[in-house]
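One structure is given below, encoded as structure tokens.
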Amino acid sequence: DRPDPPRSLQLSGLSGTSLSLSWLPGFDGGLPQHFLLRAEGPDAPPPPVALVTSGFALTLGGLRPATPYDVILRARNARGDSAPVRLRASTSALPEAPPPRWEEPPAAPPSGSEDS
């Protein structure tokens with residue numbers, strides 16, 4: 001049979017340009033399975049990001065800061081795909097760069113006689 005949908009899809013970490021996801025596999029239908037992960041966001045170039053993995057965790061990189069994404073996960077085996085599991089997650093805003101600092105050169109020691 002086709003595999004059961006993955007379970008417990010969750011966001012395990014995020015940054016301004018990435019989302020880290022993890023899940024538990026469903027029943028594999030008695031055949032080897034892998035997972036198709038797809039992220040769709042505003043202004044994402046077609047086709048949306050799609051990755052394949054045999055593991056149960058993945059970090060999607062190269063995303064836009066402070067942007068919501070629809071993450072869709074399916075299990076696939078030789079007989080077909082499972083029903084999709086969905087999660088809505090947003091990347092964080094990138095921290096602002098600190099203002100440039102002007103550093104004064106160290107003061108030269110005073111010229112004159114040294115204590116003996």
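The values are calculated or read from the model by the stated rules, or taken from the named source; none is laboratory data. These numbers come from a predicted model, not from an experiment. In this analysis, Cβ positions are derived from the backbone assuming ideal geometry, glycine residues included, and neighbour counts consider all displayed protein chains.
At-a-glance table
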{"quantity": "Search result, residues across segment 58-85 that are under 26 Å from Asp43 (Cα atoms) and not in a loop (DSSP other than H, G, I, E, B)", "calculated": "Leu58, Thr59, Leu60, Pro68, Tyr69, Asp70, Val71, Ile72, Leu73, Arg74, Val85"}
{"quantity": "Selection count where residues are under 14 Å from Val71 (Cα atoms) and among the hydroxyl-bearing types (Ser, Thr, Tyr), scope segment 1-20", "calculated": "4"}
{"quantity": "Qualifying residue in segment 73-93 (condition: within 30 Å of Leu31 (Cβ to Cβ), modelled with pLDDT of 85 or more and hydroxyl-bearing (Ser, Thr, Tyr))", "calculated": "yes"}
